[in-house]
Amino acid sequence: MTADGPRPGDEASATPPVALIGPMAAGKTSIGRKLAARIGRTFVDTDRLVVLEHGPIPDIFAEHGEATFRRWEAEAVQRALTPGAVVALGGGAVLDEATRALLREQATVVLVTVDAEAAERRLAGGGRPLIAAGFDAWRRIAAEREPIYRALADTTVDTSRTPMARLVEQLEAWLSEHGR
């Protein structure tokens, strides 16, 4: 705040980032992009940051392995979680303890869920390294990560059947109601 009063954007700088977490194919990027536009915030997709800096995710897994990808992902999350931003995290970002600590301390966390049927439709023909062996891998990974997602979440939305526009309205109302 200056002597002349608050500057435009000051309120955003005091607003915790909104972090969208959840399994692959839940729609974190889609809902995050629409929510950010609706509430006038910046949108960041951490997978996109990793791709821009290091190349396609399947190539990273093939050439450097999952551990390197996770390190780069954690670095991207740390940079992206800035006040006022809406941030979509990759499904496995929550595996990193430092990332979980950042989410608990600094962010409003939205768990974006999806049922297996909708996820399978969305992933058909994709190039996701962790489910290259088949869709059963998605089920296993989602089940393993579910307790972490739930422990971090401030609120949850399910994208399986509800139109994205309605979910964005619900999230906007929830954020407003909770002063976030």
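The values are calculated or read from the model by the stated rules, or taken from the named source; none is laboratory data. In this text, all values refer to a predicted model and were calculated from it rather than measured experimentally. Backbone-built Cβ (ideal geometry, glycine too); neighbour counts: all protein chains shown.
Worth a mention:
- Some residue of the range 74-86 being small (Gly, Ala, Ser), buried (at least 18 other Cβ atoms within 10 Å of the Cβ), under 21 Å from residue 143 (Cα atoms) and at pLDDT below 95: no
- Residue check, residue 117 of a type in the set (Asp, Glu), over 11 Å from the mean Cα position of the chain (by Cα), surrounded by 14 or more Cβ atoms within 10 Å (Cβ to Cβ) and under 20 Å from residue 140 (Cα atoms): no
Per-residue answers, yes or no, for (1) under 25 Å from residue 56 (Cβ atoms); (2) over 14 Å from the mean Cα position of the chain (by Cα):
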| position | (1), (2) |
| --- | --- |
| 92 | yes, no |
| 101 | no, yes |
| 110 | no, no |
| 121 | yes, yes |
| 134 | yes, yes |
| 140 | yes, yes |
| 154 | no, no |
| 162 | no, yes |
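- Verdict on residue 19 being part of a helix (DSSP H, G or I), modelled with pLDDT of 95 or more and not acidic (Asp, Glu): no
- Test: residue in the range 148-159 that is at pLDDT below 85 and among the aliphatic types (A, V, I, L, M): no
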